[in-house]
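A quick write-up on the structure given underneath.
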Amino acid sequence: LCGNLQVSAKEISWSQLDQALPMPVDLRDAATALAVRAADFFAKLNQQTLRLTGLPNQEYAVQIDGEPLGVFSAQELAAGINLAEYNTPMQRQAAAVHQLTLKRTGIHHTLWLDTRVPLARQFPDQTPQLEKFAAASAQAVQALAAIQREAARPRPHTFSVRPLDPARQGSAIDTPPADLGPNLALEKKWRSSDANPHGWSAGLTDGIWEGKMPHVYSTHDSPLFPKQVTIDLEKDQTLAHILLGVPAYGSTRTVQVAVSADNQNFQTVGHYTFSLRQAEKRFFSFPAVNARYLRVTFANHYEDSVDGFSPYRGFLADVQAFAPRK
């Protein structure tokens, strides 16, 4: 059920209440992700399609309840996006229901097979007390089932689709202007939503554009998008320019750049869609803002695998941040 439709040149938004939740699948588990892809699971059994037709030919940022879902072309939105494959509020609700299912099953198993049945064999003369135990156990399981059913009830969500602002795409540049001063992100620590355990977790802020390991950062290969890497500048800084780039390998497509003072509320300051198989740098300038955190979101990816790397890995050669020009 859809309602509260709002249409303007800058945004299309609406509220939506689905009739069911997607099937929860933990795609962060490599074995599960492989089995799901091999069995064509999503196409056959797990469809939650978002389709918009008639949009102008450009790229659009999609959000659900204010959370970024990804960046898609008009053609991709017209063909349909399967929301079940993304880390959405609906997917997380379904995962919570799944955990309740496991808990209820586990409690039932413990109360009956591990407790009630062995006690009945061990103390056959305690049948009246065991019957009380059985009744209480059944009541506990039923109460948990009621919680589970309520948790499984679909909730309304707010969708928004916004065309990417061409003015925020930044400019091509090799080195930042000399009057920017020091790189405020140099050697700063970061946190990734899809951390790479195989030696690609360095190089994001080392200031080196070599384009080779260990001076290149990469996420791991979870197929769940979007992915983020958030740099902690350690204290509030006045930011007005960000420089980042990608190596000539990997399937990085569109990245969004945002800053925040509290690591909760982020302000988008730029975005860019990189070319496949091409090393590129992008320089973003924006009105000065006080911020401590700098976040790069991998909004999507190319389907092609380059140089043997999984297309689900997001690569960055370096990220640098600068104060306003003096």
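The values are calculated or read from the model by the stated rules, or taken from the named source; none is laboratory data. Just so we're clear, the structure is a prediction, and the values are computed from it rather than from any experiment. For neighbour counting, all protein chains shown are included, and Cβ atoms are generated from backbone atoms with ideal geometry for every residue, glycine included. Each accessible area value is taken on the protein alone, full model and side chains, heavy atoms only, with ligands, DNA and RNA left out. Shrake-Rupley method; radii C 1.70, N 1.55, O 1.52, S 1.80 Å.
Quick look at the numbers
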item: Residue list for the range 55-75, filter: over 17 Å from Glu85 (Cα atoms), of a type in the set (Gly, Ala, Ser) and within 17 Å of the chain's Cα centre (by Cα); result: Gly66
item: Search result, residues across the range 26-54 that are assigned to a loop (DSSP other than H, G, I, E, B), without any contact (Cβ under 8 Å) to a residue 40 or more places away in the chain and open to solvent by less than 50 Å² (accessible area, probe 1.4 Å); result: Asn46
item: Hits in the range 203-218 (condition: open to solvent by less than 40 Å² (accessible area, probe 1.4 Å) and assigned to a loop (DSSP other than H, G, I, E, B)); result: Gly203, Leu204, Thr205, Asp206, Gly207, Gly211, Val216
item: Those residues of the range 152-169 which are buried (at least 16 other Cβ atoms within 10 Å of the Cβ) and part of a helix (DSSP H, G or I), in sequence order; result: Arg168
item: Members of the range 85-115 that are assigned to a helix (DSSP H, G or I), open to solvent by less than 50 Å² (accessible area, probe 1.4 Å) and out of contact with any helix residue (DSSP H, G or I) (no Cβ under 6 Å at 6 or more places or on another chain); result: Pro89, Met90, Gln91, Gln93, Ala94, Ala95, Thr101, Gly106, Thr115
item: Scope the range 244-276; condition over 20 Å from Ala288 (Cα atoms), within 16 Å of the chain's Cα centre (by Cα) and part of a strand (DSSP E or B); matching residues; result: Thr252, Thr254, Val255
item: Ala172 vs. criteria in contact (Cβ under 8 Å) with a residue 40 or more places away in the chain and open to solvent by 50 Å² or more (accessible area, probe 1.4 Å); result: yes
item: Some residue of the range 64-76 being in a helix (DSSP H, G or I), surrounded by fewer than 16 Cβ atoms within 10 Å (Cβ to Cβ) and among the aliphatic types (A, V, I, L, M); result: no
